[in-house]
Amino acid sequence: MTTPFTYLEPAGLADASRLARQEGAMLKAGGIDLLDEMKEGLVAPEKVVRLSALKGMDRIEVKNGKLRIGALVTLATVAAHKQVREHARILAAAAGQAATPQIRNAATVGGNLCQRPRCWYYRHEDFPCRKKGGDQCFAETGENRYHAIFAADGPCHIVHPSALGTALAALGGQILVFDGQKSRSVAVEQFFALPSVDVTRENVLQPGEIIEAVEIPSAKGKKSAYHKQRERLAADWPLAEVAVVYEVKNGAADGVRLVLGHAAPIPWRCPTAESYLSGKKIDAGAAAEAARLAMAAAAPLAQNEYKVPLFTVLIARALMAAEKGEPA
Ligand SMILES: Cc1cc2nc3c(=O)[nH]c(=O)nc-3n(C[C@H](O)[C@H](O)[C@H](O)COP(=O)(O)OP(=O)(O)OC[C@H]3O[C@@H](n4cnc5c(N)ncnc54)[C@H](O)[C@@H]3O)c2cc1C
């Protein structure tokens, strides 16, 4: 049962930020994750600040070669929008394959990036794990088949759940953060933070800071792919996700960005594989070698070694799909 709370309607973005700074306040966008957390007894906000009515944050526009998507745009809109499909097709694919149609109609870009992890120990109120201020990571020696295979030193072994985060990191996206007075642009890779920085949080947002929009350099004309593997096709979280973006110059790959989702506590870039591919024509041999290099530093836990061959296959497939220009 949730505890009573006051529902606050901000007059604008600055007002929302002011209200969110108050003791016991939390922001709500689509409410998919926030309400789950309340029902699971993980949070009990005294004040819920409703973002949904804020003007202008539900727009998508293309300006100066950049795609700008407001934080309140729903995943369903991202998936279907003509300009997103044209300039950032893997983002449309990631949004369109996340969760279920009902969830995609309510869930927003900002909420997807800030959703909390799905680790079952974190989600269970009876397990006082490090993320909740405890002194133990129960996944270290417990049920860890869905956990991280990178960043093995912890101190927490979640995988970041955001499909949009994986795609945005591959696209070289920026996140526009409003701090109450002004906006600053944060590269997606700097936005997400490892548990070694602060185990209780997954990103660098400070209290009262609000994601206003995401900005993406147009990937029109670039090669790209987004692949994911789930246990079930319906309403399931991925076991593994791969997003890749690159240009072709003189017949060879250039500026490769290869990012793995559900592999680490943050969207996980693969610099060794990226450098290996740069300047090469991507064929089956190069794709297989890049996949091997990407997995070389993996350090699986007791029950998730299966993720290594799974990612190896998925990376090679995604690279070949991008090279052949298959649908994202
Ligand atoms: C069955 C199921 C399957 C799912 N599968 C997937 C999947 O495959 N891939 C995937 O990516 N997700 C998946 N999800 C998660 C779902 O996509 C997220 O819960 C949803 O996107 C959250 O968005 P929201 O707008 O509802 O956020 P909310 O629940 O409103 O907010 C989530 C968090 O973000 C904060 N927040 C919201 N907006 C902002 C903002 N603009 N600035 C700062 N903080 C903000 C809130 O305070 C809260 O802490 C699944 C969920 C379910 C229930």
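Leu72 meets all of the listed conditions (1) in contact (Cβ under 8 Å) with a residue 12 or more places away in the chain; (2) over 15 Å from the mean Cα position of the chain (by Cα); (3) not in a loop (DSSP other than H, G, I, E, B) but one, namely (3).
Does region 251-269 include one or more residues that are free of Cβ contacts under 8 Å to residues at least 12 places away in the same chain and of a type outside the set (A, V, I, L, M, F, W, C)?
So far as region 251-269 goes, no, none of its residues is free of Cβ contacts under 8 Å to residues at least 12 places away in the same chain and of a type outside the set (A, V, I, L, M, F, W, C).
Among the conditions (1) in a helix (DSSP H, G or I); (2) under 17 Å from Pro265 (Cβ atoms); (3) within 10 Å of the ligand (Cβ to nearest atom), the only one that Pro161 does not satisfy is (1).
For region 285-299, a residue qualifies if it is surrounded by fewer than 19 Cβ atoms within 10 Å (Cβ to Cβ), farther than 16 Å from Val256 by Cα and in contact (Cβ under 8 Å) with a residue 24 or more places away in the chain, and the qualifying residues are Ala296, Ala297, Ala299. Between Ala252, Ala235, Ala187, the distinction of being surrounded by fewer than 24 Cβ atoms within 10 Å (Cβ to Cβ) and more than 20 Å from Thr166 (Cα to Cα) belongs to Ala252 only. Is it the case that some residue within region 95-102 is farther than 20 Å from Ala225 by Cβ, in a helix (DSSP H, G or I), near the ligand (Cβ under 10 Å from one of its atoms) and not assigned by TED's automatic domain parsing to the domain that holds Leu233? Checked region 95-102: at least one residue is farther than 20 Å from Ala225 by Cβ, in a helix (DSSP H, G or I), near the ligand (Cβ under 10 Å from one of its atoms) and not assigned by TED's automatic domain parsing to the domain that holds Leu233. If the condition is being within 13 Å of His227 (Cβ to Cβ) and in a loop (DSSP other than H, G, I, E, B), then region 277-328 contributes Glu326, Pro327, Ala328. Applying the condition of being among the polar types (S, T, N, Q) and part of a loop (DSSP other than H, G, I, E, B) to region 166-197 and asking which residue is nearest to Ala152 (Cα to Cα) yields Ser196.
Of everything in region 111-126 that is part of a helix (DSSP H, G or I) and within 8 Å of the ligand (Cβ to nearest atom), the residue that is surrounded by the most Cβ atoms within 10 Å (Cβ to Cβ) is Asn112. One residue stands out among those in region 301-312 that are under 21 Å from the mean Cα position of the chain (by Cα) and not basic (Lys, Arg): the one that is farthest from Val245 (Cα to Cα), which is Asn304. Identification of strands (runs of 3 or more DSSP E) wholly contained in region 1-57 with 1 or more residues that are away from the ligand (no atom under 13 Å from the Cβ), among the polar types (S, T, N, Q) and surrounded by fewer than 19 Cβ atoms within 10 Å (Cβ to Cβ) yields 6-8.
Listed here are the residues, each with its yes/no results for (1) more than 25 Å from Arg85 (Cα to Cα); (2) among the charged types (D, E, K, R).
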| position | (1), (2) |
| --- | --- |
| Glu231 | yes, yes |
| Ala234 | no, no |
| Gly255 | no, no |
| His262 | no, no |
| Trp268 | no, no |
| Arg292 | yes, yes |
| Leu301 | yes, no |
| Leu319 | no, no |
| Ala322 | no, no |
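The values are calculated or read from the model by the stated rules, or taken from the named source; none is laboratory data. What you see is a predicted model, and the numbers here were worked out from it, not measured in a lab. Here Cβ is always computed from backbone atoms with ideal geometry, including for glycine, and neighbour counts include all displayed protein chains.
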